Amino acid sequence: MTEQRPVTNATAVKVPTLPDAQTVTSVQHWTDRLFSFRVTRPASLRFRSGEFVMIGLMGDPDPATGRQKPLLRAYSIASPSWDDELEFYSIKVQDGPLTSKLQHIEPGDEIILRPKPVGTLVHDALLPGKRLWFFATGTGFAPFASLLRDPQTYEDYDQVIVTHTCRDVAELNYGRTLIENLHEDEIMQELLGAENLAKLTYYPTTTREESPKKGRITTLLENGTVFRDLGLDGISPETDRAMVCGSLGLNTDLKAILEGYGLKEGANSDPQHYVVEKAFVG
Ligand code: A2P
């Protein structure tokens with residue numbers, strides 16, 4: 001006899017009702033300010049690791065007309081291009097138009113996702129080099145969460161250094177867990193290879209709580225601490241390539257520092273030594 005299983009809410013497949021709707025498959029809250037979530041991936045969506053898309057929810061009805069408009073923000077795709085689902089890493093802004101609502105999503109809910117990926121934090125925007133730096137603050141880690149799971153990141157370079165500066169230790173957890181997973185997860189080991197993963201150096205710093213490395217990454221570069229800690233001579237346009245993603249302040253300050261080392265900013269149409277993208281907040 002065939003066992004008849006009742007269709008519950010948990011197992012029922014929801015029919016998308018929003019334009020460009022995707023279904024939330026999991027949500028993880030990291031702190032009261034940070035969460036990550038995964039959604040279904042449109043079958044036709046192709047993207048390069050490091051790119052972003054517009055995602056969001058329907059806004060509140062207009063009091064006059066009752067009509068609702070989509071409320072969309074740019075979000076870096078945090079999952080690698082080979083993943084079946086899409087992952088995003090977000091801040092929760094309590095009075096933010098989008099994230100005040102988005103932080104309450106649960107598996108089974110729908111979000112809007114415009115399937116047009118773009119962005120400059122892509123391998124194609126950099127000239128070949130020996131050492132690749134990822135400089136992130138806060139949720140600026142998201143595009144690197146994608147690139148760190150992409151084999152090309154390791155195949156193209158001898159060394160990959162990821163720095164992540166957050167206010168406190170708890171805010172580092174998403175990135176720390178992801179990097180630990182690269183080394184521990186059998187699938188990641190097989191996909192990326194132990195030899196490639198040995199190229200990876202993780203350099204987390206905090207600014208408002210004691211931790212093994214305290215200070216803004218900009219300060220630690222300028223006073224030479226990073227180079228002393230990692231046994232490097234410095235950063236040079238001959239060997240080093242960099243991707244930067246954080247607040248406007250971080251991006252501006254780091255651009256000046258990298259230019260000071262002689263690096264030039266690149267773009268998809270003009271590959272150079274470094275690229276910058278704003279970590280989007282909403
Ligand atoms: P700080 O605590 O000194 O402001 P946020 O959570 O506000 O997005 O910040 C994330 C991290 O980025 C914090 O540790 C913050 O340090 C750091 N940060 C902010 N602005 C800059 C900047 N201009 N250069 C380097 N780090 C920065």
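The values are calculated or read from the model by the stated rules, or taken from the named source; none is laboratory data. This structure is a prediction, so every number in the text was calculated from the model and none was measured. Here the Cβ positions follow ideal geometry from the backbone for every residue, glycine too, while neighbour counts run over all protein chains shown. Just so you know, the surface numbers come from the protein's heavy atoms only, side chains and all, with ligands and any DNA or RNA stripped out. Shrake-Rupley method; radii C 1.70, N 1.55, O 1.52, S 1.80 Å.
Points worth noting:
- Residue pairs whose Cβ atoms lie under 6 Å apart, sitting 6 or more positions apart in sequence or on different chains, and linking a residue in the range 188-217 that is farther than 18 Å from Thr163 by Cα to a partner that is surrounded by fewer than 16 Cβ atoms within 10 Å (Cβ to Cβ), are Leu192/Pro151.
- Selection from the range 94-128 of residues that are open to solvent by 50 Å² or more (accessible area, probe 1.4 Å) and more than 20 Å from Phe280 (Cα to Cα): Glu106, Pro107, Asp109, Asp124, Leu127, Pro128
- Taking the conditions (1) in contact with a strand residue (DSSP E or B) (Cβ under 7 Å, 6 or more places away or on another chain); (2) open to solvent by 40 Å² or more (accessible area, probe 1.4 Å); (3) small (Gly, Ala, Ser); (4) not in a strand (DSSP E or B) in turn, Ser26 satisfies each one other than (4).
- Filter result for Arg167 (within 18 Å of the chain's Cα centre (by Cα), within 16 Å of the ligand (Cβ to nearest atom), open to solvent by 20 Å² or more (accessible area, probe 1.4 Å) and at pLDDT 95 or above): yes
- Filter result for Leu254 (within 22 Å of the chain's Cα centre (by Cα), surrounded by fewer than 13 Cβ atoms within 10 Å (Cβ to Cβ) and in contact (Cβ under 8 Å) with a residue 24 or more places away in the chain): no
- Any chance Val226 is within 18 Å of the chain's Cα centre (by Cα), within 25 Å of Lys278 (Cα to Cα) and among the aliphatic types (A, V, I, L, M): no
- Tabulated pairs, the range 161-177, first β-branched (Val, Ile, Thr), second assigned to a strand (DSSP E or B) and more than 12 Å from the ligand (Cβ to nearest atom), C-beta under 6 angstrom, 6+ apart or interchain: Ile161/Trp133; Ile161/Thr201; Val162/Phe134; Val162/Tyr202; Thr163/Tyr203
- Within the range 223-240, residues that are without any contact (Cβ under 8 Å) to a residue 60 or more places away in the chain have Cβ atoms under 7 Å from residues that are open to solvent by 70 Å² or more (accessible area, probe 1.4 Å) and among the aromatic types (Phe, Trp, Tyr) in no pair, counting only partners at least 6 apart in sequence or on another chain.
- Residue satisfying all of: in the range 257-275; in contact (Cβ under 8 Å) with a residue 60 or more places away in the chain and open to solvent by less than 60 Å² (accessible area, probe 1.4 Å); nearest to Glu238 (Cα to Cα) among these: His273
- For the range 29-51, the set of residues classified as in a loop (DSSP other than H, G, I, E, B), among the charged types (D, E, K, R) and either in contact with a strand residue (DSSP E or B) (Cβ under 9 Å, 6 or more places away or on another chain) or surrounded by 18 or more Cβ atoms within 10 Å (Cβ to Cβ) (or both) consists of Arg33, Arg41, Arg46, Arg48, Glu51, listed by residue number.
- The requirement of being away from the ligand (no atom under 13 Å from the Cβ), at negative phi and in contact with a helix residue (DSSP H, G or I) (Cβ under 6 Å, 6 or more places away or on another chain) is not satisfied by Leu191.
Matching residues to (1) more than 19 Å from the chain's Cα centre (by Cα); (2) modelled with pLDDT under 90; (3) among the acidic types (Asp, Glu):
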site: Ala12; (1), (2), (3): yes, yes, no
site: Val15; (1), (2), (3): yes, yes, no
site: Asp20; (1), (2), (3): yes, no, yes
site: Thr25; (1), (2), (3): no, no, no
site: Gln28; (1), (2), (3): no, no, no
site: Ser44; (1), (2), (3): yes, no, no
site: Leu57; (1), (2), (3): yes, no, no
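- Going through (1) touching a strand residue (DSSP E or B) at 6+ places or on another chain (Cβ under 6 Å); (2) touching a residue at least 40 places away in the same chain (Cβ under 8 Å); (3) more than 14 Å from the ligand (Cβ to nearest atom) one by one, Leu148 falls short only on (1).
- Restricting the range 242-282 to residues that are touching a Gly at 6+ places or on another chain (Cβ under 9 Å) and assigned to a helix (DSSP H, G or I) leaves a set whose member that is nearest to the ligand (Cβ to nearest atom) is Leu250.
- Scan the range 212-237 for residues that are open to solvent by 30 Å² or more (accessible area, probe 1.4 Å), within 12 Å of the ligand (Cβ to nearest atom) and not in a strand (DSSP E or B) and the total you get is 4.
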